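Here is the structure we will look at.
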Amino acid sequence: MNSGFWLDSMKRPIKIFLVALLYCAIAKLSLLLAIPPGYATAIWPAAGLALAGVLRCGYGIWPGIWLGSFLANLGTSLDLTSGATVLKSLELSLGIGLGASIQAMTGAFFIRRFVKNPFSLQFEKDVIKFLILGGPLSCLISSVWGVENLFFFNQISPSQISSHWLTWWTGDTIGVLIFSPLALAWSHPPLEPHWQKRRLSISLPFLVTFIFIVIAFVQANQWENEKRELEFNLKTNLTYHETEDWDSLMGGLVLTLLLSAFILILTGRTSRIEDLVTERTRALKKANQDLQDHLIVYQKTEQALLEKTKELGRSNQDLEQFAYVASHDLQEPLRMVSGYVQLLAKRYKDKLGQDANEFIHFATDGAQRMHEMINDLLEYSRIGRSGKEKEIVDCEKLLEEILLNLKETLDPSKAGVSHDPLPQIQVEKLQMKQLLQNLIGNAIKYRSDQPPQIHISAKPEDRAWLFSVKDNGIGIDPQYHDRIFVIFQRLHSQSEYQGTGIGLAICKKIVESQGGKIWVESQVGQGSTFYFTIQK
Amino acid sequence: MPNKEKGKMMGTSNIVGRPIEILLVEDSPANVRLTVEAFKEAKVHNRMNVVEDGVEAMAYLRKEGKHKDMPRPDIILLDLNLPKKDGREVLAEVKQDPDLKRIPVVILTTSKAEEDILKSYNLHANCYITKPVDLEKFIEVVQSIENFWLTVVKLPPD
């Protein structure tokens with residue numbers, strides 16, 4: 001509950017005073033419509049006010065109700081003929097006031113006990129319990145008590161008891177049914193996002209209902225009086241004619257009950273739906289915002305990625321350009337070294353002593369190796385720069401060409417090459433040829449004591465062909481499985497196996513430039529299987 | 001190391017009966033010497049005249065200035081990358097000159113670039129040779145230049 005709300009920040013005596021004042025004023029107005037002798041009326045909004053007052057301000061508010069009721073009734077009952085009559089009217093008014101406050105407290109007690117949300121009244125169960133407990137049920141108290149008092153103080157005759165009780169009870173009940181929800185709605189700080197809307201949507205139908213009831217009652221009274229006058233003329237019966245219009249009173253009450261329940265339930269539901277819609281809209285907005293935020297983050301990431309990729313592409317290109325230029329330009333000085341050392345060897349061999357011969361030999365050898373490396377580097381840097389189009393290549397035919405190229409190494413080693421059915425793939429033909437030739441060449445080069453057995457196969461995967469080249473060679477220690485693909489990295493000395501260590505690096509670059517992967521599965525002494533993927 | 005081996009006779013005689021007049025356009029002294037030595041090893045009877053850049057090459061061919069008494073070369077060995085005037089420009093000028101265009105021009109370079117090869121032939125180079133790194137192979141190349149252009153091929157009279 002909002003402590004800053006006007007009603008809740010008030011001191012209790014002021015609240016009591018206000019309730020008394022309000023009760024008295026409303027009661028006074030209502031009593032204008034009372035049936036003779038002027039206590040019971042079919043419209044008693046004060047009862048609704050009293051119930052709402054106790055519910056909102058607690059049981060401590062009862063003196064306000066009592067005082068209000070006392071003052072209002074005193075105005076009707078005050079008989080100044082003698083001291084005894086004054087006392088009597090005081091007693092009567094005090095009694096009626098007591099009944100009114102007990103009724104309000106009892107109603108509030110039951111409502112607090114059995115109604116889950118007595119203030120918001122959104123749910124059908126709450127509405128019905130609230131109206132029944134606070135209305136017809138608790139209104140029995142004041143009506144029974146009040147009428148008894150009237151009878152006790154000789155204000156009404158025994159024959160008038162039932163009609164008075166009915167009028168009283170109906171009046172209180174209708175008052176509660178219409179005015180307690182209204183009073184609660186206006187005196188309570190907002191309980192829901194659409195509270196103000198709900199206040200308004202309750203108020204109008206309730207007030208219309210109330211006005212309709214007032215008009216109907218006044219009209220009914222008029223007819224009654226006319227009828228009575230007529231009867232009076234006919235029967236010259238001077239006794240007060242009690243209201244026997246039970247049907248209309250009960251009808252009014254039930255109608256009010258239904259209408260009240262209907263209004264509350266309807267507005268409650270509307271309010272719930274509106275809350276739900278608001279809630280959903282907010283959630284949707286939030287989700288949308290989140291989505292937008294994500295989108296922005298995503299876009300930023302994508303942009304960054306794009307830039308990084310571009311940068312990487314550039315630096316990669318620079319590197320390749322560098323490798324190409326460096327290796328290209330290195331050729332010239334190398335040619336000088338190599339040429340002059342060879343010239344030296346040619347002209348001065350055996351003229352400068354044994355040492356000189358060896359030195360010259362090593363220099364020539366070094367220059368030769370460097371020449372090979374530069375050529376390899378040039379070749380390596382050229383992969384992916386050729387700009388040649390991909391074409392459909394029949395791998396079986398390609399293998400035949402490769403085996404023809406390798407004939408000179410295959411035949412002396414008594415190598416056997418077998419293969420599964422090989423597919424047609426779209427690749428740069430020369431690169432694919434070099435790839436397979438390097439792998440088969442390695443299988444022969446690094447053979448074991450037995451004649452090399454090489455098997456090539458290809459099997460389709462989701463998006464790529466998985467090729468394998470299996471041999472029965474010397475195998476590779478698993479710790480070197482990555483290193484063998486690095487340029488100029490070798491596992492053997494020149495005297496064991498010649499070469500610069502470019503073959504597998506070239507294979508890796510070819511496979512990766514086509515978007516594939518290459519790896520090896522092998523153990524020392526158990527042969528090797530090289531796998532690579534080529535996109536379909 | 002001398003840049004110009006002017007009038008130096010070496011090797012056996014050829015079909016012309018006199019030493020072959022060679023114009024070598026090459027800026028690197030080491031390269032010049034290596035080519036000279038290769039010709040020596042190949043035992044080609046030649047007179048090697050060397051110029052260092054494209055401007056001088058044109059002056060030599062047009063007998064301008066100090067080159068006015070120089071003989072007309074039987075063959076030009078032209079490098080592509082030269083100071084002042086590029087080998088490609090020299091080639092273009094020679095092949096557009098009515099007096100000079102019949103002299104065989106052999107592009108002798110280290111470049112293997114397809115672009116260079118294509119451009120040279122488009123400019124009517126008579127042949128394009130990438131200098132081998134290996135000396136023995138270079139000697140073979142030199143020998144075959146001499147053998148082909150000055151023995152096998154029948155060239156028009158001057």
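The values are calculated or read from the model by the stated rules, or taken from the named source; none is laboratory data. Computed from a prediction, not measured in an experiment: that's the story for all the values here. Here Cβ is always computed from backbone atoms with ideal geometry, including for glycine, and neighbour counts include all displayed protein chains.
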Worksheet item: Do you know which residues across the stretch B:117-133 are part of a loop (DSSP other than H, G, I, E, B) and either away from chain A (no Cβ under 14 Å) or touching a Ser or Thr at 6+ places or on another chain (Cβ under 8 Å) (or both)?
Response: B:LEU123, B:HIS124, B:ALA125, B:ASN126, B:LYS131, B:VAL133
Worksheet entry | Filter pass, A:GLY313 being within 60 Å of the chain's Cα centre (by Cα) and small (Gly, Ala, Ser) | yes
Worksheet item: Got a sec? Which of B:LYS43, B:LYS66 is over 16 Å from B:LYS131 (Cβ atoms), within 14 Å of chain A (Cβ to nearest Cβ) and either buried (at least 21 other Cβ atoms within 10 Å of the Cβ) or of a type outside the set (S, T, N, Q) (or both)?
Response: B:LYS43
Discussion item. With the requirement that a residue be in contact with a Leu (Cβ under 9 Å, 6 or more places away or on another chain) and under 30 Å from A:SER338 (Cα atoms), what does the stretch A:379-407 give you?
Written reply: A:SER381, A:SER386
Fill in: Test for A:TYR348: is it within 14 Å of chain B (Cβ to nearest Cβ) and among the aromatic types (Phe, Trp, Tyr)
yes
Worksheet item: Right, B:PRO157: more than 14 Å from every other protein chain (Cβ to nearest Cβ), out of contact with any helix residue (DSSP H, G or I) (no Cβ under 6 Å at 6 or more places or on another chain) and surrounded by fewer than 16 Cβ atoms within 10 Å (Cβ to Cβ) or not?
Response: yes
Worksheet entry | Residue among A:THR106, A:THR76, A:THR85 that is among the β-branched types (Val, Ile, Thr), assigned by TED's automatic domain parsing to the domain that holds A:TYR39, in a helix (DSSP H, G or I) and over 21 Å from A:LEU22 (Cα atoms) | A:THR85
Discussion item. Only one of B:SER120, B:SER111 is surrounded by 19 or more Cβ atoms within 10 Å (Cβ to Cβ), closer than 23 Å to A:LEU330 by Cα, out of contact with any helix residue (DSSP H, G or I) (no Cβ under 7 Å at 6 or more places or on another chain) and not aliphatic (A, V, I, L, M). Can you tell me which?
Written reply: B:SER111
Worksheet item: (1) surrounded by 11 or more Cβ atoms within 10 Å (Cβ to Cβ); (2) over 60 Å from the mean Cα position of the chain (by Cα); (3) aliphatic (A, V, I, L, M): which one isn't true of A:LEU377, the others all being true?
Response: (2)
Worksheet item: Consider A:ILE454 against the criteria (1) crowded, with 19+ Cβ neighbours inside 10 Å; (2) under 18 Å from A:ILE506 (Cα atoms); (3) modelled with pLDDT of 90 or more: it satisfies all of them except one. Which criterion is unmet?
Response: (2)
Discussion item. As an exercise: evaluate A:PHE109 against (1) among the aromatic types (Phe, Trp, Tyr); (2) surrounded by fewer than 18 Cβ atoms within 10 Å (Cβ to Cβ); (3) touching a Leu at 6+ places or on another chain (Cβ under 7 Å) and give the number of the one condition it does not meet.
Written reply: (3)
Worksheet item: Name the residues in the stretch B:102-130 that are in contact (Cβ under 8 Å) with a residue 24 or more places away in the chain and of a type in the set (D, E, K, R), would you?
Response: B:ARG102, B:ASP116, B:LYS119
Practice prompt. Please determine, by comparing only the residues of the stretch B:20-38 that are in contact with a Leu (Cβ under 9 Å, 6 or more places away or on another chain) and away from chain A (no Cβ under 12 Å), which one is surrounded by the most Cβ atoms within 10 Å (Cβ to Cβ).
Written response: B:VAL25
Worksheet item: Residue check, B:GLN96 against (1) of a type in the set (S, T, N, Q); (2) crowded, with 16+ Cβ neighbours inside 10 Å; (3) over 16 Å from the mean Cα position of the chain (by Cα), all met but one. Which one?
Response: (2)
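Condition check: surrounded by fewer than 24 Cβ atoms within 10 Å (Cβ to Cβ) and outside any helix (DSSP H, G or I). Does A:LEU90 satisfy that? If you could, list the steps in order and put the result at the bottom.
Details: surrounded by fewer than 24 Cβ atoms within 10 Å (Cβ to Cβ): yes; outside any helix (DSSP H, G or I): no.
No; evaluated as a whole, the condition is false for this residue.
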Discussion item. I'd like to verify a number: residues in the stretch A:477-536 that are in contact (Cβ under 8 Å) with a residue 40 or more places away in the chain, among the basic types (Lys, Arg) and closer than 30 Å to A:ASP365 by Cα, how many?
Written reply: 1
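Tell me, yes or no, whether the stretch A:147-168 has at least one residue that is in a helix (DSSP H, G or I) and under 39 Å from the mean Cα position of the chain (by Cα). Full working, then the answer.
Initial filter on the stretch A:147-168 (in a helix (DSSP H, G or I)): A:147-152, A:158-168.
Retained after the next criterion (residues that are under 39 Å from the mean Cα position of the chain (by Cα)): none.
Looking for residues that are in a helix (DSSP H, G or I) and under 39 Å from the mean Cα position of the chain (by Cα), one finds none in the stretch A:147-168, hence no.
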Worksheet, complete the sentence: Picked from the stretch A:326-341 (must be within 11 Å of chain B (Cβ to nearest Cβ) and surrounded by fewer than 16 Cβ atoms within 10 Å (Cβ to Cβ)), the residue farthest from B:VAL32 (Cα to Cα) is A:ASP329
Worksheet item: Do you know which residues across the stretch A:417-450 are of a type in the set (Gly, Ala, Ser) and within 27 Å of A:GLU461 (Cα to Cα)?
Response: A:SER418, A:GLY441, A:ALA443
Worksheet item: Which is out of contact with any Ser or Thr (no Cβ under 6 Å at 6 or more places or on another chain) and away from chain A (no Cβ under 14 Å), of B:GLU114, B:GLU136, B:GLU140, B:GLU89?
Response: B:GLU89
Item to complete: With a cut-off of at least 1 residues that are within 16 Å of A:GLN434 (Cβ to Cβ) and among the aliphatic types (A, V, I, L, M), name the helices (runs of 4 or more DSSP H) lying wholly within the stretch A:324-415.
Response: A:354-382, A:395-405
